[in-house]
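Read the structure below first, then the notes.
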Amino acid sequence: MKIKEILTSKEGEKLFLLGNEAAVRGVLEGGISVASTYPGTPSSEIGDVLSNLAKEAGIYFEFSANEKVAFEVSTAAAAAGLRSFVFMKHVGLNVAADAFMSTVYTGVKGGMIILSADDPSMHSSQNEQDNRIMARLAHIPLLEPSNPQEVKDLLKFGLDISEEFEIPVLLRTTTRISHMRGVVNVGKIIPGGKKGIFKKDPSKYVVVPQFVVKMRQRLQEKIIQIQKIAEKSKLNRIIDTGGKELGIITSGAAFNYVIDIVQEKGIKVRVLKLAFSYPFPEQKVLDFINTVDQILIVEEVEPVMEKEVLFLLGKHSLNKKVYGKLDGTLPIMYEFNPDIVSMGIEKIIQGKFKKEKTLKTQLPLPLRPPVLCPGCPHRPAYYALKKAIKKLRLNEKDIIYSSDIGCYALALQPPYNMADYCICMGSSLGVGSGFTKATSQRVIALIGDSTFFHGGMPGLINTIHHQEKLLLVIMDNRTTGMTGGQPHPGVPLDGMRNPAREISIEEVAKGMGAGFVKTVDPFNLKETEEIFIEALKFEEVAVVITKHPCAMITATENKKSKKKLRYKINQEKCSRCLLCIKNFTCPAFFINQNNLVNINPLLCNGCGVCIQICPKKAIEVIK
Amino acid sequence: MKNIYKLYLIGVGGQGTVKASTIIGEAAMRKGLNVVMSEVHGMAQRGGTVVTELKIGDAHSPLIEKGSADLLIAFEPVEALRVLDKISNKTFVVINSSPIIPFTVSLGISKYPEVEKIIEELKHITDHLLVLNAREIAREAGNIISENMVLMGAGAASPDFPLDKEIIIQSMQENLPPASWEVNLKALEGGYKKVQELRR
């Protein structure tokens, strides 16, 4: 399939879509005019597809500076009567939370749908938070799809509900849904792309105490009305395989495991699948509970529905056994899989399913952690920084490397070991600033370009204002790298691939009042090292911007130009000092069976920085 | 065909595992079968292990239960050993004998076992083991980058594989740029032929 088909395929056609691709088709069928995001895995591909298709679809799409801004952009569109779509990874909703919690008070005019991609088991995240709780905190209706088809259908449904009740709606996926591919029957696209009109009404849109008291009441009324819809909704459905001893309540990816086990093992149960799960359809659940002897709740990742069910039982003075996370039938944390859910069901029906013997290898397995790519500009920046520290005879043990969210956090691995603390987007500066006050240790903060615009700027202002001695390295690789390469305010391109105003990080830092600001190309190791030495001697905040395009950008350019340089080791010159492997650690280098250093041509990206490192000049261009 | 055919692919970031899996999945859809697939994105792709799981047939979740894979395609030898819990003596295993040595081995913090030992261990587990040098076959086809097509072709030649070669080729052409078809087709056919020879 070509990406374009997500837009061009006609009603009734079938596509093999990733959950994130199906999301784009869903909002196009829902008639959106505006979409916004800040990239974050597992939601990133939605933005990549929209970036590709928005122009042709006639809608507006942007990569915003951060999730809060993205949220506000979509909020404005919805207030102006347009349908809008804002999406982010689960922790992105924390950044947007201030807007999220109040937009539900003002309400919307056009439909507004929020997609949060949660990450149970933290495949690429810093925590495992369950944003179904965020829906409850804000009183925002919640939808939970189980596959790409449902992602598409529920986004459209959510936009309709949102517009009908003038309230934003949250759709929660998990990694297994966002990154699951399945057959999707597509529907009809409703063209969006009109300009909206904002009708002034401060009593509806200005959240001052004078108005919010009434807004709160209106919200309560909406939630009561929407609960009635959830009670009757066909999205909350029962699958009956002919038993009444056990009832299973489930949602999202967990439903898939349950239904596959039930069908494969031929278990007789009643399954209630909840896809419209907040406001919680109490009556529907109660009716279901009354038809079965005992209940099992299978959900990821917090026991959210389980507590709702326990509450219901208490409220109605019912005495029924509830199995789930809280009694240990299922694990309290991490994502599920068919084997885990199978074990949980086994415990209740007290029968053993037939299982294959689990095999294990007898051989030691090499570690293969994610690494900085060959040709990555962060690597020489770290290399030069390490050399500068050594030259100044600073003790690395006394330096706190305050790192941030992005590829550069991969420097926590040897031989660099340059990430000591990292909690969230932009934290390198806030935390770094705190360490300078709380300790006498030296602080070096490391942040990427996109992350700097996202959440680093207030921290830098704070650090400069308080005149702290701190070295800030802004690793500007001209893209949002870790999520696959999306533009940000520092590049002259926007999310629709139109020209955009490029914001200079150097000017921003100078404008904030930093006394030392220098930009250097990290591919020039000597100059980079010299600037780091100078910066480390500076008595206040020193900002060094290491600026060179991401290896993914270079790889694309190499492909186009077909001019990639290739390198080899001249074995006669090589002294096997292993600086290239032990200190620089480019993954293209390896030691072969004959104990000789070699370069893997498939991995080498042709950057040639290694030539500057080799003391014997043994690395040569293949002519 | 069995009710549900379970296919597990494992490789290293950059080897084109996800692309090969998508081509197979789309071919299944084209044949009118239901298909679900799970893929890895993000952090795990920076040179780390990449896994995709496919179920063709009446399944809702793509995640494969322990010991139940019908076919395992390992794009890299040692990676096969990471997922022994997914296979049994009934599983058909296709393995590429060309290793990609991780930097942790060069740094001396972990060891890479000899490829012969990996193969030996797999032979103890399954009678259905097929070893091929996919990199070499791809090189002969014209580009080592087509390793993934060699392995896809090899998988397609395994017994019980629910899709025929022609539909896979069609799906490949729908997913890859025309300029690459010739080399990729040679690679795919190379892998297919190799497995047919080995099965004789």
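The values are calculated or read from the model by the stated rules, or taken from the named source; none is laboratory data. Just so it is clear, the model here is predicted, and its values are computed rather than measured. Note that we place each Cβ from the backbone using ideal geometry, even for glycine, and neighbour counts take in every protein chain shown. Side chains are part of the model used for accessible areas, which takes the heavy atoms of the whole protein and leaves out ligands, DNA and RNA. Shrake-Rupley method; radii C 1.70, N 1.55, O 1.52, S 1.80 Å.
Some observations on this one:
- Restricting the calculation to alpha carbons of the stretch A:319-440 gives Rg and Dmax of 23.6, 72 angstrom.
- Protein heavy-atom accessible area occluded, A/B pair - total, 1.4 Å probe, Å²: 5200 Å²
- The listed residues A:VAL207, A:VAL609 rank as A:VAL207, A:VAL609 when sorted by accessible area, largest first, using a 1.4 Å probe.
- Alpha-carbon centroid distance for the pair the stretch A:509-575 / the stretch B:141-166, whole angstrom: 41 Å
- Average 1/r across all pairs of distinct alpha carbons in the stretch A:74-116, invert it, and you get the Kirkwood radius: 10.4 Å.
- Under the shape rule built on the C-alpha gyration tensor, where the axes satisfy a ≥ b ≥ c, the stretch A:1-122 is oblate, since a/c reaches at least 1.5 while a/b does not exceed b/c.
- Between A:LYS564 and B:ILE109, the simple spin-label model (points 7 angstrom out along Cα→Cβ) gives 2.7 nm.
- Each residue of the stretch A:426-438 is assigned a 3J(HN,Hα), and the resulting list reads x, 5, 3, 7, x, 5, x, 4, x, 4, 5, 7, 7 Hz, derived from the Karplus form 6.51 cos²θ - 1.76 cosθ + 1.60 (θ = phi - 60°), x at Gly and Pro.
- Note on the stretch A:301-373: Rg/Rh from Cα positions, Kirkwood definition for Rh, rounded to two decimals, is 1.18.
- Residues A:GLU620 and A:ILE190, FRET efficiency given R0 of 45 Å [Cβ-Cβ distance, rounded to 0.05]: 0.15
- Between the helical axis of A:378-391 and the longest alpha-carbon principal axis of chain A there is an angle of about 50 degrees.
- Convex hull volume of the C-alpha atoms in the stretch A:103-196, normalised per residue: 119 Å³.
- Stokes-Einstein diffusion coefficient of chain A, Kirkwood radius over Cα pairs, 4 °C, 1.567 mPa s, in µm²/s: 48 µm²/s
- Counting 0.36 nm for each residue step from A:LYS265 to A:LYS2 and taking away their Cα separation leaves a gain of 90.9 nm.
- When the other protein chains are added to the chain by itself, burial of at least 50 square angstrom of heavy-atom accessible area (probe 1.4 Å, ligands and nucleic acids ignored) affects these residues of the stretch A:368-415: A:ARG368, A:PRO370, A:VAL371.
- Listed by chain and number, the lysines whose C-alpha is less than 20 Å from the C-alpha of A:LYS386, apart from same-chain residues fewer than 8 away, are A:LYS397, A:LYS469, A:LYS518, A:LYS526, A:LYS537, A:LYS547, A:LYS582.
- For the stretch A:389-424 versus the stretch A:20-44, the spacing of their alpha-carbon centroids is 36 Å.
- This model, with +1 at the C-beta of Lys and Arg and -1 at the C-beta of Asp and Glu, gives the protein assembly as shown a dipole about its Cα centre of some 760 debye.
- The residues of the stretch A:564-621 have, on average, 53 Å² of accessible surface per residue, using a 1.4 Å probe with all protein chains present.
- When DSSP beta bridges are restricted to pairs lying wholly in chain A, around 25% turn out antiparallel.
- Cα centroid of the stretch A:201-221 to Cα centroid of the stretch A:253-301, whole Å: 37 Å
- Restricting attention to the stretch A:494-623, close to 55% of DSSP beta bridges with both partner residues there are antiparallel.
- Take each peptide in B:118-130, B:23-35, B:68-80, A:422-434, count the other Cβ atoms within 10 Å of every residue, and average; sorted highest first, the result is B:68-80, A:422-434, B:23-35, B:118-130.
- Estimated vicinal HN-Hα couplings, Hz - the stretch A:408-416 in sequence order (Karplus 6.51, -1.76, 1.60; Gly, Pro = x): 4, 5, 5, 6, 5, 7, x, x, 7
- Per residue value of the accessible surface for the stretch B:4-199 (all protein chains in place, 1.4 Å probe), Å²: 34 Å²
- Whether the stretch A:237-349 is rounded, prolate or oblate, judged on the alpha carbon gyration tensor where a/c under 1.5 counts as rounded: rounded
- Distance between the 7 Å Cα→Cβ label points at A:LYS469 and B:ASP127: 7.4 nm.
- Average projection area in nm² (convex hull over Cα atoms of the stretch A:378-556, one quarter of hull surface): 9.7 nm²
- For A:ARG566, the amide hydrogen comes within under 5 Å of the amide hydrogens of A:ILE622, counting only partners 5 or more places away or on other chains and with H modelled in the peptide plane.
- Overall, the accessible surface of the protein assembly as shown at a probe of 1.4 angstrom is composed of carbon and sulfur to the extent of 53 percent.
- Residues A:ASP201 and A:LYS357, FRET efficiency given R0 of 56 Å [Cβ-Cβ distance, rounded to 0.05]: 0.25
- Cross-link pairs beyond the 27 Å C-alpha cut-off, checked among A:LYS560/B:LYS19; A:LYS152/A:LYS559; A:LYS10/A:LYS109; A:LYS560/B:LYS31; A:LYS89/A:LYS354; A:LYS4/B:LYS31: A:LYS152/A:LYS559; A:LYS10/A:LYS109; A:LYS560/B:LYS31; A:LYS89/A:LYS354
- Shape of the stretch A:564-621, Cα gyration tensor, a/c cut at 1.5: rounded
- Under-5 Å amide H pairs with A:LEU330, H placed in peptide plane, nonlocal only: A:GLY324, A:LYS325
- Percent of alpha-carbon pairs separated by more than 21 Å within the stretch A:5-232: 51 percent
- Separation of the alpha carbons by more than 30 angstrom is noted, of A:LYS200/A:LYS284; A:LYS68/A:LYS156; A:LYS391/A:LYS617, for A:LYS200/A:LYS284.
- DSSP bridge analysis restricted to the stretch A:5-232 gives an antiparallel fraction near 20%, rounded to the nearest 5.
- Using the alpha-carbon positions of the stretch A:153-303, Rg (one decimal) and Dmax (whole number) come out as 19.4, 60 Å.
- Cα convex hull volume per residue for chain B (Å³): 119 Å³
- Heavy atoms of A:LEU412 accessible to a 1.4 Å probe, total area in Å² rounded to 10: 100 Å²
- In chain A, the calculated helix contribution to ellipticity at 222 nm averages -11000 deg cm²/dmol per residue, counting -39,500 (n - 2.57) for every DSSP H run with n ≥ 4.
- Hydrodynamic radius by Kirkwood, which averages 1/r over all alpha carbon pairs of the stretch A:107-148, in angstrom: 12.2 Å
- Paramagnetic label zone (point 7 Å from Cα along Cα-to-C-beta, A:LEU365; backbone N under 15 Å) in the stretch B:44-70: B:48-52, B:66-67
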